Structure formats: C-alpha cells, structure tokens
Amino acid sequence: MGVKIAVLPGDGIGPEIVRETLKVLDVLNTHFGLNAEWEEGLIGGAGYDGARDPYPEATQRLVKASDAVLLGAVGGPKWEPLAKPLRPEAGLLRIREDLGLFANYRPAKVQTQLLAASTLKPEVIEGVDILVVRELVSGVYFGQPRGIVEEEGGRRGFNTMSYCESEIRRIARKAFEAARLRDRRVCSVDKANVLEVSELWREVVSEVQAREFPDVRLTHMYVDNAAMQLIRAPRQFDVIVTGNLFGDILSDEASMLTGSIGMLPSASIGERYAMYEPIHGSAPDIAGQDKANPLATILSLAMMLRYSLNAAELATKVERAVDLVLDDGVRTADLALDGGAVVSCSAMGTAVAERLKMLGDE
Ligand code: IPM
Ligand code: MG
C-alpha cells in the first residue's frame with residue numbers, strides 16, 4: 001500500500017524549495033519503489049489568501065488523513081499588517097499544536113565540504129554533530145495569560161513562560177532516547193538561575209535521567225552560557241534539550257556552524273502525527289528568484305523517510321545524494337565561497353535528483 005504525504009509549501013521561498021524536494025520524492029517513486037502520493041494544502045499567508053485562515057479547515061483535514069506532512073515556510077511582509085491570529089506564523093503554531101507535535105528535532109551536522117562556508121574557523125567546527133531537541137507546543141509561545149493591555153502611563157505587553165511536569169518529562173524522554181542512538185550525552189539548557197519554570201525543568205529532567213536513563217550522561221547549562229559555548233567549542237555537545245523559545249534561538253545559532261541556515265532540516269513529532277520542515281524561514285527578500293537553497297527541505301524529506309515512512313535505507317540514499325552533490329562543488333548562493341560558482345534553487349534540486357537516480361542504478 002502506498003503512503004500519503006500532505007505537502008504545504010506556504011509562503012516566500014516555500015513553494016520553490018518544496019518543488020525541488022518533490023523532484024527528489026518523484027525519483028524515489030520511479031527508481032526506488034517508494035509508493036508515495038502527495039496532495040498540496042494551504043498554510044500561512046497562502047492559507048490566508050486562499051481561505052482567509054492561515055491554517056484552513058481543508059488543510060486540517062488533509063494533514064490528519066496523511067502519513068506525514070512536509071512544510072516549506074511561512075510568513076512575509078505582505079501579511080504583517082493583519083491581526084495576529086490571521087498572520088502566517090499563527091498558522092504554523094496552530095498546526096504544531098493541533099497535531100500535538102511536541103518534540104522538534106533539529107540536527108546540526110557539519111559537512112566537511114562546507115567547512116569553509118561557515119563564518120567560524122574550520123578547526124572549531126570540524127566534526128560538529130549536534131541534535132537540538134526543542135519542546136514545540138508549550139512554554140512562552142503558548143503560555144497564558146498573554147496580551148497587551150492599557151495601563152496608566154502606557155501599555156504593557158506580557159507573556160507567560162510555563163511548563164508542567166508532564167510536558168518536561170515527555171520531551172526529556174525523547175532527548176534521552178535520541179541520545180541512546182548517538183553519543184549518550186544530553187545537555188539540558190535552561191535559565192534556572194533566574195526563572196522558576198527553569199528550576200522545575202532542571203529538577204524534572206534530572207529525575208527522568210536518574211530513574212530511566214542512568215546510561216545517558218546529563219549536564220545542565222544556562223542558556224546564555226550555551227549560546228557562548230555553541231560558538232566557542234561546539235564539539236562538546238551531543239544532544240541539547242531545551243524549551244520552545246531557547247530552542248528556537250539556539251537552533252538558528254547551531255545552523256550557522258554548518259555554514260548556512262539553508263542546510264538544517266527538522267522533524268516535529270507527536271503521539272500520532274509528524275511534520276517535516278526546514279528550520280529556516282520564508283526569506284521574502286529572495287522569494288520567486290530561484291536562488292534559495294532547497295537542501296534543508298530535501299534533508300527534511302530524508303528525516304520523513306526515516307521516522308515516518310519506515311524507509312531508513314532511502315533516507316540514507318537521499319542524504320548520500322546531497323553529500324555527493326556538495327562533493328561536486330554544486331553550491332547555492334548561501335553556500336558559495338567568494339567568487340565561486342553559484343547554481344539556482346532548481347539546478348540544485350535537479351542535481352540531487354540526478355545523483356539519486358545514479359545511486360539507484362548502481
Ligand atoms: C521556527 C520559526 C518559527 C518559530 C516562527 C516562524 C513562528 O522561527 O520554526 O523556528 O519561532 O518557531
Ligand atoms: Mg526559528
């Protein structure tokens with residue numbers, strides 16, 4: 001029986017990077033015996049334009065009737081004037097919440113071919129292989145109360161950073177389980193020297209480790225120090241587990257170790273559903289110009305193959321194809337060295353698809 005994938009291109013460069021990823025999916029169907037069909041849905045600004053809702057009902061039905069979701073990116077200046085619940089980002093947060101995608105995996109692995117593409121020294125980043133496990137459906141992103149209120153002397157804006165024990169426990173377990181398949185080290189990042197929510201976070205993560213994962217080494221780090229250590233000595237990290245906001249920030253930082261934010265895939269997984277998306281945004285400044293790097297989305301498809309479609313072997317093939325294309329020196333603008341040749345988004349997608357075909361013929 002075939003598998004069904006919901007494809008949500010979204011806004012900005014979303015449609016371009018998704019189109020290239022579908023080229024790769026097509027090769028998996030034609031050359032590797034994958035039996036995947038896909039159906040497109042609206043999300044973000046495209047959802048607002050098409051259905052006056054950044055997470056339209058038709059999309060809600062589609063994603064719940066699919067085996068996995070592939071998402072491009074959402075957002076853009078066009079929709080900024082809208083009321084907050086109608087903005088593209090609200091659609092993204094709603095789909096994460098609606099599908100219960102509490103565990104967000106963001107792997108930052110430095111590829112040797114891209115050592116020179118990072119702004120950091122090669123000797124600092126060589127061999128970096130970090131997995132950021134970010135809690136995705138709670139914390140300050142979702143905490144109540146929140147708002148902007150009128151007060152004497154001016155308005156006040158406020159949000160609530162809150163985690164309950166069960167939310168901390170389930171994300172901690174995911175991080176420890178992931179670490180068991182890697183170097184068995186977890187660094188939990190918080191701000192326990194200031195925030196009560198972090199105090200509880202630290203306590204519960206330690207408890208889960210002691211009771212259920214004595215074979216995994218746990219350390220704790222304050223988020224400000226973690227931000228510094230990530231660029232000072234990134235090899236010290238294996239798995240980083242952290243809350244929604246800190247994970248948002250640290251994963252962007254970690255992506256820069258790899259040379260470009262255009263390289264980082266992600267998987268967001270809950271009890272029933274899973275969604276795969278690049279960690280980067282919709283890059284409105286280069287949208288529609290065929291300049292974007294589709295590799296983060298293609299690598300997100302690889303994560304989907306591995307975690308949702310039970311096709312780890314195909315995942316490895318896709319990753320291998322990306323690797324070989326980089327070996328060949330194929331570079332989108334974000335990865336190019338000064339004066340080096342640059343290919344378009346579609347040329348990069350085609351290059352990966354062609355390489356993949358060759359792997360099938362081997
Ligand atoms: C991400 C993005 C989103 C987030 C935005 C677009 C709402 O930055 O996936 O990291 O903050 O989670
Ligand atoms: Mg982010």
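The values are calculated or read from the model by the stated rules, or taken from the named source; none is laboratory data. Just so you know, these numbers come straight off a predicted model, no measurement behind them. As a convention, Cβ positions derive from the backbone with ideal geometry for all residues, glycine included, and neighbour counts pool all protein chains shown. Heavy atoms of the whole protein, side chains included, go into the accessibility calculation; ligands, DNA and RNA do not. Shrake-Rupley method; radii C 1.70, N 1.55, O 1.52, S 1.80 Å.
General remarks:
- For K191, the aspartates and glutamates whose Cα comes closer than 16 Å to its Cα, not counting residues fewer than 8 places off in the same chain, are E135, E199, E203, D224, D248.
- Placing +1 on the Cβ of every Lys and Arg and -1 on the Cβ of every Asp and Glu, with no other charges, gives the chain a dipole of roughly 480 debye about its Cα centre.
- Surface analysis of region 214-362 yields an accessible area of 40 Å² per residue, using protein heavy atoms and a 1.4 Å probe.
- Beta bridges from DSSP with both residues in the chain: antiparallel share about 40 percent, rounded to the nearest 5.
- Per residue solvent-accessible surface (Å²) - region 51-166, probe of 1.4 Å: 50 Å²
- Percent carbon-and-sulfur accessible area, the chain, ignoring ligands, DNA and RNA, probe 1.4 Å: 50 percent
- Set of lysines with alpha-carbon distance to K317 below 29 Å, sequence-local pairs under 8 removed: K4, K23, K64, K109, K174, K291, K357
- Overall Cα dimensions of the chain - principal axes, largest extent first, Å: 61, 48, 47
- Scanning residues 5 or more positions from L131 or on other chains, those with amide H under 5 Å from its amide H are A108, V239, I240, with H placed 1.01 Å from N in the peptide plane.
- Projected over every direction and averaged, the convex hull enclosing the alpha-carbon atoms of region 129-256 yields 8.7 nm².
- Taking θ as phi - 60° and the Karplus parameters 6.51, -1.76 and 1.60, the scalar couplings of region 280-296 work out to 6, x, 8, 6, x, 5, 10, 4, x, 9, 6, 10, 5, 8, x, 5, 4 Hz in sequence order, x denoting glycine and proline.
- Placing +1 on each Lys and Arg Cβ and -1 on each Asp and Glu Cβ, with no other charges, gives region 129-256 a dipole about its Cα centre of roughly 440 debye.
- Extension gain for the segment Q60 to R184, taken as residue separation times 0.36 nm less the Cα-Cα distance, is 40.9 nm to one decimal.
- Counting only DSSP beta bridges whose two residues both lie in region 129-256, roughly 25 percent are antiparallel.
- For region 252-306 and region 1-79, distance of Cα centres in Å: 13 Å
- Pairwise centroid distance, computed over Cα atoms, of region 162-180 with region 95-155, Å: 16 Å
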